[in-house]
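Remarks on the structure that follows.
The values are calculated or read from the model by the stated rules, or taken from the named source; none is laboratory data. The shown structure was predicted, so the numbers you read here are calculated from the model rather than taken from an experiment. Here the Cβ positions follow ideal geometry from the backbone for every residue, glycine too, while neighbour counts run over all protein chains shown. Accessible surface areas use protein heavy atoms only, side chains included; no ligands, DNA or RNA. Shrake-Rupley method; radii C 1.70, N 1.55, O 1.52, S 1.80 Å.
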Amino acid sequence: TYNIAMNAETAKKKGIKEGDAICLENRWGDKVTGNVKLTQLIHPGVLAAVGLGSWARGRPISQGKGINPTALLRQDQYHFCPLSGAAEPTARVKAYKK
């Protein structure tokens, strides 16, 4: 999917409708923008963004679509597990209509 999935009730409270462009922003001010897909299949307190779009010219179907959710993560010594070395897989974000 190229969309950001959001719970329909949460979207209604925020004034967001199906297909709206929304912005996701982390606490450091990093932002990504994408279109929203409303669903009842996701918890009201979370969003889902897969990031299946692409920049590659050889992939014309996905070129310029989707978002890069990794842009919202920090990759530094403070955001890795000290035992396993695994990167932090999620980011706490606020979502708002663009």
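Working only within region 51-96, note down all residues that are touching a helix residue (DSSP H, G or I) at 6+ places or on another chain (Cβ under 8 Å), modelled with pLDDT of 85 or more and outside any loop (DSSP other than H, G, I, E, B).
V93, A95, Y96
Out of all the residues in region 70-93, which are surrounded by 12 or more Cβ atoms within 10 Å (Cβ to Cβ) and of a type in the set (K, R)?
The answer is R74, and nothing else.
Restricting attention to region 11-34, does a residue exist that is of a type outside the set (K, R), at positive phi, surrounded by fewer than 10 Cβ atoms within 10 Å (Cβ to Cβ) and touching a residue at least 24 places away in the same chain (Cβ under 8 Å)?
yes
Give me the residue from region 55-69 that is open to solvent by less than 80 Å² (accessible area, probe 1.4 Å) and under 15 Å from the mean Cα position of the chain (by Cα) and, out of that set, nearest to G19 (Cα to Cα).
Residue satisfying both the conditions and the ranking: G66.
Residues that are basic (K, R): which strands (runs of 3 or more DSSP E) entirely in region 1-50 hold 2 or more of them? If you could, list the steps in order and put the result at the bottom.
On the way: elements: 4-7, 21-26, 31-39, 47-49.
Strands (runs of 3 or more DSSP E) meeting the threshold: 31-39.
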